[in-house]
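A short reminder: the numbers here are calculations on the coordinates, not readings from a lab. Given the structure is predicted, the values throughout are model-derived calculations rather than measurements. Neighbour counts run over all protein chains shown; Cβ positions are idealised from the backbone, glycine included.
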Amino acid sequence: MGLYCLFIAYLEALVSALFISPGPAKDSFESNEWQSHFIEFESVTTHIQTFQQEHVAPLIVFIHGWRGSSASVMGRAKWFVEKGWHVVICELPGHGKSTPLQRWNALTAVKHMQFHIKHLHDIIEPQQVSHFFFYGHSMGGYIFTRLSVDKENIPFNLPLSGLILESPLMLYSKILNEIRDQLKIPHALRKLHLGRVFRDVQNMHPSITDDTLEQFDIPQWGVPLVPTLCLQAMTDTRLGRDHYDALVNTFSKDTHLTHHLIESLTHSGAETNDEREAHLLNWLETFDSLSIA
C-alpha cells in the first residue's frame, strides 16, 4: 500500500508539472500616454493597456507570447499608434501585472481573453472604432486563432477585419510532448499520465470530451475565416518551422492567407523590424476603406 501511495503521488506530481507556470513575470510597459485597466474575471485580474486616439480609427488588440508582457509587443503596438490606430494590449494570466492561474493552461487563458475582448466596449468608446483586428505573437497567435473563429467574440457590433500572426504557436500537442520529455516521464506511464491530465482538464472545462492531444492543434483548434497575415521568423529558435508549415498547409485551404518567412526576424525580442513592417503595410493596404497614415 505504501508503494502504491508513493506511485500515485509521483504520478500526480507529473500531472501538476504539465500545467507549467510562466514563472516570474516580466515587467509591463510603463508610460503616462497609455492607460492601465485591471479587470477581474473568475478571481483573476487581467492587466489591459490601451492607447486611444481622439478620432474614429481602426482598433488592434495584441496578445504577447509565453513569458512575455506588454513590453514584449510594445514596439509593434507603437507602429500602429503612429499610424493613427487605437491599440489594446492584453497581458495573459500570470504575465506582466496580471494575476496567475492556479493551473496554467491555454484553454483557461482563452476563456479569460475571450471575456475581456467581448467587454472591450467598457474601456474603448464603440463609436470611435471603425475596424477591428487581432495581432498575436507566439502563444498570443494560438489564442487569437481560437477566438477568431466565433463572431460572438468580437465587440462593437463589428466583424473581425483581419488576423495577424507573428511566429505563432499552432501545435500545442508538440509543446506538451516537449514538456513530457523534459520531465522524463517513462513511456510506459505516458498513457496513464495523459489520462489523468485529461481528467483535470475536463474538470476545469467540462465541454472537453475528447481525450486526444490533436484537438489542441490546428485545424481542430480553429481555422480563421478572415484575412490572415502570418509573419514568420525564418530561423525560429523557439518553435522551429513545424507550426508555420502546419499553418500554411491548413489555412491555405479555407482562409485568405498571406504568409512570409522573414530572414531578419527573430522569434522574440524584435521590437522593430523593417521587413515585418513593410509586409504589414502592404497587407493592410489591400483593405478597402481602411485608414493607414
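Put the Cα centre of the stretch 254-279 next to the Cα centre of the stretch 200-231 and the gap is 24 Å. For the stretch 151-272, a Kirkwood hydrodynamic radius built from all Cα pairs, placed in the Stokes-Einstein relation at 10 °C and 1.306 mPa s, yields a translational diffusion coefficient of 96 µm²/s.
When each of Leu189, Leu101 is scored by the number of other beta-carbon atoms lying within 10 Å, the sequence from fewest to most is Leu189, Leu101. The distance between label points at Asp245 and Glu178 comes to 1.5 nm (points 7 Å beyond Cα on the Cα→Cβ vector). Note that the stretch 172-216 shows a convex hull volume over its alpha carbon atoms of 71 Å³ per residue.
A simple spin-label model places pseudo-atoms 7 Å from Cα toward Cβ; at Thr45 and Ile208 they are separated by 2.8 nm.
Computing Cα extents along the principal axes in Å directly from the structure and comparing it against (i) 70, 38, 31; (ii) 58, 43, 43; (iii) 71, 43, 38 singles out (i). Among the trypsin sites (Lys or Arg not before Pro) within the stretch 175-236, those in coil by DSSP and having at most 15 neighbouring Cβ atoms inside 10 Å are Lys184. Simple rule: put +1 on each Lys or Arg Cβ and -1 on each Asp or Glu Cβ in the stretch 191-293, find the dipole, and look at Leu231, Ser291, His205; the Cα lying farthest toward the positive end is His205.
Assuming charge only on the beta carbon of Lys and Arg (+1) and of Asp and Glu (-1), the dipole of the stretch 1-113 about its Cα centre is about 280 debye to the nearest 20.
Placing R0 at 35 angstrom, the Cβ-Cβ distance between Gln35 and Arg238 gives a FRET efficiency of 0.65 after rounding to 0.05. Ellipticity at 222 nm from helices only: DSSP H runs of n ≥ 4 in the chain, each -39500 (n - 2.57), divided by the residue count, give -11500 deg cm²/dmol. Net charge dipole, the chain: roughly 940 debye, given to the nearest 20, about the Cα centre with Cβ charges of +1 for Lys and Arg and -1 for Asp and Glu. The simple Förster model, with R0 at 25 Å and r as the Cβ-Cβ distance, assigns Glu12 and Gln220 a FRET efficiency of 0.35.
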